[in-house]
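The values are calculated or read from the model by the stated rules, or taken from the named source; none is laboratory data. From a predicted model like this one, the values you see are computed outputs, not experimental measurements. Every residue, glycine among them, receives a Cβ derived from its backbone with ideal geometry; neighbour counts consider all protein chains shown.
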């Protein structure tokens with residue numbers, strides 16, 4: 001089983017690394033970071049570079065496709081014909097086509113979410129709707145072979161959900177124990193439904209200021 | 001405020017990227033990935049490379065130091081005099097010295113955890129004790145300016161804890177909402193206390209097989 005994780009300039013690192021850290025532990029799989037052009041890709045804030053080892057052309061039929069999100073970089077990826085053409089093509093033969101955070105906007109731009117329930121970063125629901133999907137405030141949304149996950153950190157939950165589908169719950173549970181995923185956030189403000197309204201508005205307002213949705 | 005995240009060959013990606021994704025959103029900070037030699041560093045499984053932009057010598061006095069863990073690579077880092085000398089030196093002037101997962105073994109090798117409570121990946125407590133620390137089965141352990149976190153995924157919780165200390169709870173809560181950290185793992189097997197004993201033994205057994213502790 002081959003797992004392809006898309007990289008592009010301006011991605012959010014945890015969107016990609018969360019599912020990678022889970023999925024790459026699935027026995028018998030090959031995980032590959034791919035991009036329109038191979039080489040290092042800088043994250044949204046410019047701080048970190050993740051390296052894509054293969055070009056999209058070199059990975060024409062992965063079993064699992066993972067599309068992370070980002071900030072301005074997502075818009076560029078949505079307008080990159082190489083990315084969109086590849087996504088349309090690999091989606092025809094994939095077993096699972098997935099996204100984390102605003103990665104769903106890129107799937108949407110490829111026409112993959114037309115008329116179906118999907119999720120994204122909570123501040124990007126309007127953009128997701130404009131691309132033809134039905135935004136849903138759930139952490140992991142599965143419709144057939146398409147799985148979309150909420151903002152940034154949700155890719156870990158999505159990865160475990162996917163492993164359970166692919167290899168059964170015991171393997172997912174072993175991986176959860178392996179990465180000691182026993183979350184204990186010191187606060188409980190991880191979703192708009194749980195955070196105080198003024199905090200939601202503050203973080204939402206930062207969306208329009210040149211930094212993107214998921215930036216606090 | 002300068003935050004230095006150590007990279008080395010064979011690190012576990014999420015150990016570094018979890019705290020990075022939180023800490024780099026702290027306003028007014030510069031986050032830098034550092035290594036004994038600059039350039040791409042391959043993760044434990046060889047799948048992903050993260051790029052270190054600066055050498056250790058170029059970052060002589062960071063305010064916050066983050067040391068991720070890994071598998072065989074941790075042992076190599078523990079025996080790398082450049083890493084150990086740098087850690088001893090930066091710890092003298094740091095505001096916070098931190099680790100995730102088996103990164104605490106590297107701190108231990110630098111003599112930073114002598115006689116104090118600390119944590120690590122759950123399967124590495126014996127190694128941590130052998131280095132002079134008192135292993136503690138808590139997710140985030142703070143002793144003065146030293147903060148150690150449990151296995152792999154715990155770096156997100158550690159990052160939020162640290163942001164709250166540095167900039168106050170509101171900023172931590174805003175970042176939590178920004179990365180939509182509202183964890184909903186599909187299972188509840190993320191610690192040895194919660195997982196079935198046979199699963200714990202299975203994952204622990206994999207430790208000795210050439211793959212390391214946190215590999216499922």
- Message: Take residues that are under 18 Å from the mean Cα position of the chain (by Cα) and closer than 21 Å to residue A:68 by Cβ and tell me which of the helices (runs of 4 or more DSSP H) falling wholly in region A:107-216 contain 3 or more.
- Response: A:125-130, A:154-167
- Message: Residues that are at pLDDT 95 or above, surrounded by fewer than 22 Cβ atoms within 10 Å (Cβ to Cβ) and either at the interface with chain B (Cβ under 7 Å from one of its Cβ atoms) or closer than 19 Å to residue A:74 by Cα (or both): does region A:174-182 have at least one?
- Response: no
- Item | From the options B:93, B:98, B:102, residue that is over 26 Å from residue B:197 (Cα atoms) and buried (at least 24 other Cβ atoms within 10 Å of the Cβ) | B:98
- Task: Quick one: count up the residues across region A:2-27 that are buried (at least 20 other Cβ atoms within 10 Å of the Cβ) and within 11 Å of chain B (Cβ to nearest Cβ).
- Result: 18
- Query: Out of region B:152-171, which residues are in contact (Cβ under 8 Å) with a residue 60 or more places away in the chain, farther than 19 Å from residue A:172 by Cα and facing chain A (nearest Cβ under 7 Å)?
  - Reply: B:156, B:160
- For region B:192-214, state whether one or more residues are farther than 23 Å from residue B:87 by Cβ, facing chain A (nearest Cβ under 7 Å), surrounded by fewer than 18 Cβ atoms within 10 Å (Cβ to Cβ) and at pLDDT below 95. yes
- Query: Any idea how many residues of region A:172-189 are free of Cβ contacts under 8 Å to residues at least 12 places away in the same chain and in contact with a helix residue (DSSP H, G or I) (Cβ under 7 Å, 6 or more places away or on another chain)?
  - Reply: 10
- Task: State all residues of region A:121-151 that are facing another protein chain (nearest Cβ under 10 Å) and either modelled with pLDDT under 95 or out of contact with any strand residue (DSSP E or B) (no Cβ under 7 Å at 6 or more places or on another chain) (or both); if no residue qualifies, say none.
- Result: A:121, A:122, A:123, A:138, A:150, A:151
- Note on the structure: Exception for residue A:47 within (1) outside any strand (DSSP E or B); (2) free of Cβ contacts under 8 Å to residues at least 60 places away in the same chain; (3) under 29 Å from residue A:176 (Cβ atoms); (4) more than 9 Å from chain B (Cβ to nearest Cβ) falls at (4)
- Message: Please count how many residues of region B:28-41 are more than 9 Å from every other protein chain (Cβ to nearest Cβ) and touching a helix residue (DSSP H, G or I) at 6+ places or on another chain (Cβ under 9 Å).
- Response: 8
- Task: Within region B:54-79, count every residue that is outside any strand (DSSP E or B), at pLDDT 95 or above and crowded, with 18+ Cβ neighbours inside 10 Å.
- Result: 9
